[in-house]
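Enquirer: Pasting a structure here, questions to come.
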C-alpha cells in the first residue's frame, strides 16, 4: 500500500483503470488529479473513481494507496452514502478530498496499519476484516466531507439523495444526454425544480454541470488516448465535429489540438 512515484504511476495502467482508489498523501506532497494541481498543506485523503488519472509529482511525496473493485466492496441498497456510488465517488461537483488534522491523520494511520496486519494474516476472514476497515475510512471521510459543505450539511437525507442521484446520472449518461430536461425526467421532477435543488449546494447550474462533465471526458480522451478530435466528439454524442470543436474551445479556452499538445501522454 505504501508507495513512491513509480508505484503511483503503475496505478494509472489500464489494468487498474476500473479500480476504485483511496489515496492518502502526507503534508508537502504534490499531486495532479483530473487536470487539477494540488500542493498539500496538510495530510489529505483523495477519492479517485474508475477512469480518473492522477500523478504524484514531487520526489518527496509519500503516502498510501488503496485500490479495490466493486466485487470487493459495494453496498447497493443500504448505506447509500458510503457505497461504491456514494457521494465521494461519481461526483460531478468537484474532486472529493478531506484534509486531516494531526489526530485524524493518526487515526487513519492506525487503520492503514491494521489493514497491513490483516493482509499478512491470509486467513478466511481476512477479506471481511479488510472490508470493515475500508468502510471505516469511507464513513469517517464522508462525515468530514459533508461537514465542510455548508449546503449539504443543512439538507435532510432525502435532499442529499436527490443531489447524489443527479451526480450519478450525469456520470452515467453524459455521453448521450446533454439536456437538463433528460435528467429532471429521470428524477421525476421538472427542470426548474431540479435547478432549485442544485442551487442549494452549488453556484453552478445543472446545465453547466453536464457540460463540465462532457468537457472533462473530452480532456481525458485527448490526453490519454490516440483518438482523433473527430472521434472524441462522436464518442461524446456530437455528430457535428465543428460543433464539438467550438464547444471545447469555448469551454477550455483553447482548441482540442492545443490541449492535446500540452497534456498528451503518448
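Read-outs throughout are calculated quantities, based only on the coordinates presented, and are distinct from any laboratory measurement. All figures in this text were calculated on a predicted structure; none of them were measured in a lab.
Enquirer: If I take all pairs of Cα atoms in the stretch 157-263, what percentage of them are more than 16 Å from each other?
Expert: 58
Enquirer: Follow-up question, since we're still on this one. How much length would be gained if the chain were fully extended between residue 161 and residue 68, taking 0.36 nm per residue of separation minus their Cα-Cα distance, in nm to one decimal?
Expert: Fully extending the segment from residue 161 to residue 68 adds 31.1 nm.
Enquirer: Report the extension gain between residue 205 and residue 257 in nm, rounded to one decimal, defined as 0.36 nm multiplied by the number of residues separating them, less their alpha carbon distance.
Expert: Here the segment from residue 205 to residue 257 would lengthen by 15.9 nm.
Enquirer: How high is the relative contact order of the stretch 191-266, given as a whole-number percent (alpha carbon pairs under 8 Å, six or more residues apart)?
Expert: 27
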